Amino acid sequence: MSKTTPEQASKIAQEYYNISAEASKLDGYVDENFLLKTASGEKFILKISSEEDGEQQDFQLQILKHLSEKKLDVSLSEVVPNKAGNPLTPLEKSSTARILSWLPGRLWVTVNPKTESLRNSLGDAAGSLTNALQDFKHPAAHRNLDWDLANSAWTSKHSNRFSGRQKEIVQHFQNRFAEIQKEYGTLPKSIVHADVNDYNILVSDDLRNPKVSALIDFGDAVFTQTVNDLAIVLAYAAMNLPDPLTAALEVVKGYNKHYKLSENELQCLYTLVGMRLVTTVTSASLKKEEFPDEEYFVISEKPAWDLLEKWFQVNENFAYYSFRNTCGYPAHPLEKKFETWAKKNQISLKTMFPTIASQKVVNLDMSVGSTLLGNLSEYNDPEVSEFKLKQFQKHHPQTILLNGYLETRPFYTTAAFKSEGNNGPQYRTVHLGTDFWVPAQTPVHAPFEGVVKIIHHNNYDKDYGPMLILEHVFEGEKFFSLYGHLTLSSLDILKVGQTVKQGDLIAYIGAPNENGNWAPHLHFQLILDLLENNENFNGVALPSKVEVWKSICPDPNFIFEEELETVETKNSEEKMIRFRKEHLGKGLSLSYDKPLHIVRGEGVYLIDIEGRKYLDTVNNVNHVGHQHPKVVAAGQRQMAVLNTNTRYLHEEIIAYAEALLKKLPPHLSVIHIVNSGSEANELALRMAKTVTGKKDVLAIEVGYHGNTNAVMDVSSYKFEGKGGFPKPETTHILPLPDSFRGKYIGENCGIDYANHAAEIIQNLEVEGKEIAGFIGETMISCGGQIVPPKNYFKEIYKHVREAGGICIADEVQTGFGRMGKTFWAFELYDVQPDIVTMGKPAGNGHPLAVVACTKEVAEKFNTGMEYFNTFGGNPVSCAIGRTVLEVIEEEDLQQNALEVGSFLIAELKKLQKQFPIIGDVRGEGLFLGFELNDSEKNPLPEHASYLANRMKQLGILMSIDGPEHNVLKIKPPMVFSKENAEELLYRLHTVFGEDFMVPSF
């Protein structure tokens, strides 16, 4: 068939179909394809085929006709008849034309990101198509195609085109395909699409919640094993992802709703996916020689090789069990059979531990949220852990302590258990065995007769130590028992292949120096399939894979007679949300579209109920890091001794006041200790009004100072926001000093903004009023991480003081070294406030706040009315506050804020050049923000919301602020490192590249 030009294609459309359109060439493997676009914007597809393929063209037309009568989850092209009313048009040079309706949408290959819901949608679409074709027949479907998976053995004669690792992988799948032929040949057959690839899938234009909208091109439709169609879908849906098996399962889930996959089909599926990829890379290798200048023929080669390598690394049996689980079968085929046998053949724990005198079993809670474990410094110390266990044992005498089966634990949230998932970092945190916390050197005896399968010293794995695996038989089937954290001497007790009887000595419990540095215990695990792992079988699993793993590794408690005392089950997330809505304050909100269930904090991370770590860029409250061990210990020590009010002498309040005063300028020499930032600002306002005898206060637009009455009255962010109230008469709001998008812009606009203070003061004087003072966040947080112009505060303070007012600097968000260059934000502006308020960071999350003022303000405030605060200044709070200051110094966190903040600002500005949606980047130290705008500086709140929620999915917590809700704030714990910053930037780059984040500029 000769080549057709776009001009000739336009003539064909006009002459035979009366369609006046401009034609442009589209890629095609067999047919010549053209896009026809009319002057009115209507679109069609013109396909020109060889006349010899007439039967195949009829086949494709009949498929579309058949499917037009079915109810599908997707759209399909319609045939456009020619002027004579026929679907096919004979052309010169032995070719035939046909025109199909154009389907709107984006090609799958161009969509970013491809989410779980989109892959579910693809499964729905492909499954509904497969199901709809079950009763379709056509003689042309019975043809011999190289791309028919049933014929993919042809690739074997070309395996020598590859070498090394590539050849190993290709031949592996070719060999497996040959081995499954007997079973594969019995699988159901039907006519299938056979080419649902990333260029034949159309996705809706809804960028936030896209769905598969259409499937196109039936040129490879063939009568073959039905499951081949799914294998082909998976081979493309799992490309360019770190975890292809999870992606495949998301497709299978949707597909199985329409076409119920049999166990035999699922058993072949892994190999068939591999063979589709082998066919792709083999064909690409051949086509590169035949058509060296045609990119179309090799367009999938690189992603196919990448996926083939990852797919090869997936254990075939594990993939099969995962497919089974997704399709509603027990993941492991022997799961139920083993459970029944185990419950009929239970043993006493005395069989395994005959030397331990115990009357019952008690379950320990070592889950992620366990308070027994304490913080990282405690549970990582075997001596502390062993001491806690002994104390627990004292309260539970004559017991065996055990725990762990399917328990999500914090121990496994380290880099050793971390991998990259399709939505950012993931951790193997779910424990697959049961731990028996018994003394070191306790002998362990075989629970059942068996043969020694593996003896292994995990000397490269510091978390495990020596390990033993026995092989047993139940009703003609195999299962295995694993014993971990043993003594080194246990390696010499048995030999591989040796038979052991029930009750035989097999090992001893190791001490910390030989068992992986743990408190002494036995890790005991039952296994139905070793998954070809003869050295270091998984003892922990990803939470997302737990349903499969618990089928492979049944509950060890099945085999024991003893009744366990279990840990109390926690409320489900749905129950907690429901309770909050019904019984907690109605204004209490939850972050993110899908709320997080957080149970632990460590440094810069918050950790959820499944052990997933989220990099926290939001919580400036935990100033020196979540649950900093030194701060926690200081509070625990003092709380155990004394916690009372300030009417008694105590050294802690003196020590804290002295330490804090060293960080303040000399003129701020008196402090009042309170419990919250709200209370601090409330007291500061009361001081200003008492000292001046006036009531009127200047405050900044979109400022926020707390949740009590007086501070709400000066918090424009609240009273002018949703559900707010009229501005109080005594409150006077100054425009937000935003030099990027505010009333005045540019570096030298501070005077213009400050002049509003002078104007308000003058107007009040005309009314016979004077101001009590000015309160302002030195950097406006809820206003959008606004950095006021450099001369703004000097001018404001000048106008206020000339009017006899008091200047209050709200440092609740910005103090304690966060600015990097200075310890307090007001120091950046070279001003001396009369009162400074502090909150959140002072106690690292403990309710502690401070008001620092001049001696003159303190003396005038002392009217004879005592200011007393029951909890403010108590010894526990002061011990914690003092320790926070010590940690800031010892860990040089102010310098860290300067260095990491400077790095972040510079890198964010580089991102800004690449992604113009970033309208402005601003801040100091680790108090940063960037806002999202279009080319006219209009705010993009929907994009900000999308970004925050997508970053959460990728393991980064971000929050939105600003009056237009378009500013992303970055104010993490001060231990936020350059490595953390690089992770944040990497994920931001990922999300900024996604379709939704590219507005029209």
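The values are calculated or read from the model by the stated rules, or taken from the named source; none is laboratory data. As the structure is a prediction and not an experimental result, all values here were calculated from the model. Backbone-built Cβ (ideal geometry, glycine too); neighbour counts: all protein chains shown.
The residue that is surrounded by the most Cβ atoms within 10 Å (Cβ to Cβ), among those in the stretch 601-649 that are within 18 Å of Gly843 (Cα to Cα) and of a type in the set (Lys, Arg), is Lys630. Inside the stretch 747-793, residues that are more than 15 Å from Gly805 (Cβ to Cβ) and either assigned by TED's automatic domain parsing to the domain that holds Gly923 or in contact (Cβ under 8 Å) with a residue 12 or more places away in the chain (or both) make up a count of 23. In the stretch 640-723, counting only helices (runs of 4 or more DSSP H) that sit wholly within it, the ones holding 1 or more residues that are under 43 Å from the mean Cα position of the chain (by Cα) and touching a residue at least 40 places away in the same chain (Cβ under 8 Å) span 651-661, 677-692, 716-719.
Restricting attention to the stretch 189-237, and to residues there that are surrounded by fewer than 24 Cβ atoms within 10 Å (Cβ to Cβ) and hydroxyl-bearing (Ser, Thr, Tyr), which single residue is nearest to Asp73 (Cα to Cα)? The residue in question is Ser213.
Kindly provide the set of residues from the stretch 859-902 that are in contact with a Ser or Thr (Cβ under 8 Å, 6 or more places away or on another chain) and either aliphatic (A, V, I, L, M) or within 16 Å of Phe816 (Cα to Cα) (or both), ordered by number. Within the stretch 859-902, Asn896, Val900 qualify.
Modelled with pLDDT under 95, under 22 Å from Thr355 (Cβ atoms), surrounded by fewer than 19 Cβ atoms within 10 Å (Cβ to Cβ) and among the hydrophobic types (A, V, I, L, M, F, W, C), is that true of Leu491? Taking the combined requirement at face value, the residue satisfies it.
Residue check: is Phe136 of a type in the set (A, V, I, L, M, F, W, C), in contact with a His (Cβ under 6 Å, 6 or more places away or on another chain), modelled with pLDDT of 95 or more and assigned by TED's automatic domain parsing to the domain that holds Val273? Here the answer is yes, as Phe136 does meet what is asked.
Every condition in (1) within 19 Å of Thr280 (Cβ to Cβ); (2) free of Cβ contacts under 8 Å to residues at least 24 places away in the same chain; (3) surrounded by fewer than 16 Cβ atoms within 10 Å (Cβ to Cβ) is met by Glu179 except one, and the failing one is (1). Here the stretch 850-876 is the region considered, the condition is being of a type in the set (Val, Ile, Thr) and in a loop (DSSP other than H, G, I, E, B), and the residue that is nearest to Thr837 (Cα to Cα) is Thr854.
The residues of the stretch 328-352 that are in a helix (DSSP H, G or I) and within 20 Å of Glu265 (Cβ to Cβ) amount to a single one, Glu335. Counting residues in the stretch 2-22 that are touching a helix residue (DSSP H, G or I) at 6+ places or on another chain (Cβ under 9 Å), closer than 30 Å to Ala125 by Cβ, of a type in the set (Gly, Ala, Ser) and not assigned by TED's automatic domain parsing to the domain that holds His142 gives one or more.
So which residues in the stretch 738-792 are acidic (Asp, Glu) and in contact with a strand residue (DSSP E or B) (Cβ under 9 Å, 6 or more places away or on another chain), if there are any at all? Passing the criteria: Asp738, Glu770, Glu777. If you filter the stretch 324-361 down to residues that are among the aliphatic types (A, V, I, L, M) and under 25 Å from Phe480 (Cα atoms), you find that the one that is farthest from the chain's Cα centre (by Cα) is Ile356. All of (1) outside any helix (DSSP H, G or I); (2) assigned by TED's automatic domain parsing to the domain that holds Ser419; (3) of a type in the set (Ser, Thr, Tyr) hold for Ser589 with one exception: (2).
Being in contact with a strand residue (DSSP E or B) (Cβ under 8 Å, 6 or more places away or on another chain) and within 17 Å of Gln785 (Cα to Cα) is a property that Gly925 lacks. Filtering the stretch 131-151 to residues that are in a helix (DSSP H, G or I), touching a helix residue (DSSP H, G or I) at 6+ places or on another chain (Cβ under 7 Å) and surrounded by fewer than 23 Cβ atoms within 10 Å (Cβ to Cβ) leaves Ala132, Ala140, Ala141, Ala150. Step by step: first the residues of the stretch 419-432, then only those that are over 19 Å from Tyr379 (Cα atoms) and not hydroxyl-bearing (Ser, Thr, Tyr), then the one that is surrounded by the fewest Cβ atoms within 10 Å (Cβ to Cβ). Which residue is that? Ranking the candidates gives Glu420 first. Within the stretch 154-203, being β-branched (Val, Ile, Thr), closer than 14 Å to Ala231 by Cα and under 36 Å from the mean Cα position of the chain (by Cα) holds for one residue alone: Val196. Of the residues that make up the stretch 610-617, is at least one in a loop (DSSP other than H, G, I, E, B), modelled with pLDDT of 95 or more, polar (S, T, N, Q) and under 23 Å from Leu988 (Cβ atoms)? Yes, some residue in the stretch 610-617 is in a loop (DSSP other than H, G, I, E, B), modelled with pLDDT of 95 or more, polar (S, T, N, Q) and under 23 Å from Leu988 (Cβ atoms). Selection within the stretch 365-398: residues that are modelled with pLDDT of 85 or more and among the small types (Gly, Ala, Ser). The member of this set that is surrounded by the fewest Cβ atoms within 10 Å (Cβ to Cβ) is Ser377.
Each residue in the stretch 942-1001 was checked for being assigned to a helix (DSSP H, G or I), basic (Lys, Arg) and buried (at least 19 other Cβ atoms within 10 Å of the Cβ), and 3 of them qualify.
For (1) modelled with pLDDT under 95; (2) under 34 Å from the mean Cα position of the chain (by Cα), each residue gets a yes or a no:
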position: Leu734; (1), (2): no, no
position: Ala772; (1), (2): no, no
position: Asn791; (1), (2): yes, no
position: His799; (1), (2): no, no
position: Phe816; (1), (2): no, yes
position: Phe823; (1), (2): no, yes
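Being in the same structural domain as Leu505 (by TED's automatic domain parsing), over 22 Å from Tyr508 (Cα atoms), of a type in the set (Gly, Ala, Ser) and touching an Asp or Glu at 6+ places or on another chain (Cβ under 6 Å) is a property that does not hold for Ser377. Highlighted here are the strands (runs of 3 or more DSSP E) found entirely within the stretch 1-105 that include at least 3 residues which are in contact (Cβ under 8 Å) with a residue 24 or more places away in the chain and closer than 22 Å to Tyr199 by Cα: 32-38, 43-50, 95-101.
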